[in-house]
Amino acid sequence: MRRRIAVIGGGPGGLALARVLHRHGHPVTVLEREPGPDARPPGGALDLHEGLGQLALEKAGLLTEFRALSRPEGQAMRILDTDGTVLRDWRPRPDDRANPEIDRGQLRDLLLGPLDVQWGRSVTKVVPGAGEGTAVHFADGRQETFDLVVGADGARSRTRPAVSPVTPHYTGVTYVETSLDDVDTRHPGLARLIGDGSMAVYGVNRALVAQRNSGGHVKVYAQFRAPLDRPADLDPADVEAVRSSLLALFDGWAAPVLELLRHGTAFVHRPLHVLPVSHTWTHVPGVTLLGDAAHLMPPLGAGANLAMLEGAELAEAVAAGPGDLDEAVRAFEERMWARAARWAKITTAGLERLVSPDPAEALALFDRVQPV
């Protein structure tokens, strides 16, 4: 008898789980609250690591297609001083495929493939042990029951309360995101400044990071330490007011660096929240979590990679045979918790050093990862 599996969330982790189940011929229901795949901008690029995100794609049979889409040159990294001096300029070798970049939208479309996602299905709560399985309640008043519900629904997970009372807490660091389009044509000086991959400038308790996406699109992140409600009287929709506030925050930095903010088209506030480093829960039959729903951590390259590998591994465990589904899920959780705790410690310590009172801490961190 086929198990009834529901995946809540159509992000990289949920889609990796569904795609690997599909490859093994196992039916799966993907529930996504967005009305369609292009309902909102997909976000910036991701670097998929060997042994993590790339391993998940291999398990899904998609590694060759990923390599055709990815940008190995996106692994390049430049670090500038606040006066514009280039401190580091790392460039990947021609054969380096350790962490190639791919746009989130391209990765989503690759994973979607033949999957039948139920778009516009907003989940309000998940109730384990409801009759013959776990009940999923929807915003339209309906409910459905499954043998296993997997919460891959991110930081504000509606599935998490079914297994854990813990909620994310603020790190003290806020990102403000903006973007530039057609940078090579419209802003060639900034294109040269950024290079083929990413560029970062670190100051006292603040940083500016620019990341290339495909098609001449660049994401820019202003990062700084501030109270959660700062600035309380600033309307995020008032683009010029936000721009002026950021330019004041980075006053004195090199003019070419500040051009990243002057040419930004819109600004989105993203206060960084995390779950406790070693977030676990008492196993609940019929429901589990993966990705940010299970172990939200600072966005330093690990989150999507972990979510994808977890999705692929859980799918393989479910599809392995007629064994005990609950035991397979319990074993998956134990593996996930141990690996996620290691990465949460790394990324938490990394955020402390990257947005730090001493900018030299950031440079030292990169030197350890990418020696000169």
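Quick note: the coordinates plus some simple rules give every number you see, no bench work behind them. From a predicted model like this one, the values you see are computed outputs, not experimental measurements. A quick note on method: Cβ atoms are made from the backbone with ideal geometry, for glycine too, and the neighbour counts reach across all protein chains shown.
Data overview
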| quantity | calculated |
| --- | --- |
| Of 212, 186, 78, the one that fluctuates the most in a GNM where the chain has Cα springs shorter than 10 Å | 186 |
| Simple Cβ-charge dipole of region 236-326, Lys/Arg +1 and Asp/Glu -1, about Cα centre, in debye nearest 20 | 380 |
| C-alpha long axis of helix 12-23 to longest principal axis of the chain, angle in ° | 40 |
| Separation of the residue 369 and residue 241 label points, Cα + 7 Å toward Cβ, nm | 3.5 |
| log10 of Debye I(q)/I(0), alpha-carbon scatterers only, for region 36-98 at 0.18, 0.20 Å⁻¹ | -0.83, -0.92 |
| Residue among 290, 246, 261 with the largest mean-square fluctuation in a Gaussian network model of the chain, springs linking Cα atoms under 10 Å | 246 |
| Rounded if a/c under 1.5, otherwise prolate or oblate - region 146-297, Cα gyration tensor axes | prolate |
| Whole-Å semi-axes of region 203-249's equivalent ellipsoid (Cα gyration tensor) | 22, 15, 9 |
| Listed residue (246, 265, 277) projecting farthest to the positive dipole end of region 226-279, Cβ model | 277 |
| Computed Rg/Rh of region 240-287, alpha carbon atoms with Kirkwood Rh | 1.36 |
| Which label in [x] 65, 49, 34; [y] 69, 44, 44; [z] 86, 40, 30 gives the computed Cα extents along the principal axes in Å | [x] |
| Share, in percent, of DSSP beta bridges within the chain that are antiparallel, nearest 5 | 70 |
| Whether region 1-148 is rounded, prolate or oblate, judged on the alpha carbon gyration tensor where a/c under 1.5 counts as rounded | prolate |
| J(HN,Hα) series, region 181-189, from Karplus relation 6.51 cos²θ - 1.76 cosθ + 1.60, nearest Hz, glycine and proline x | 10, 6, 5, 5, 8, 7, 9, x, x |
| Unit charges on C-beta of K, R, D, E only; dipole of the chain, Debye | 320 |
| Distant alpha-carbon pairs in region 294-372 (separation over 20 angstrom), percent | 47 |
| Rg/Rh (Cα only; Kirkwood hydrodynamic radius) as it applies to region 222-353 | 1.14 |
| Rounded to the nearest 20 debye, dipole of region 214-372 from Cβ charges on Lys, Arg, Asp, Glu | 380 |
| 5 Å binning of all Cα-Cα separations within region 110-191, expressed as whole percents from 0 upward | 3, 10, 14, 15, 12, 11, 10, 9, 6, 5, 3, 1, 0 |
| Length added when fully stretched, residue 50-residue 137, from 0.36 nm per residue minus Cα-Cα | 27.6 nm |
| Among 343, 362, 307 - extreme Cα towards positive end, dipole of region 302-372, charges at beta-carbon | 362 |
| Paramagnetic label zone (point 7 Å from Cα along Cα-to-C-beta, residue 96; backbone N under 12 Å) in region 193-224 | 196-198 |
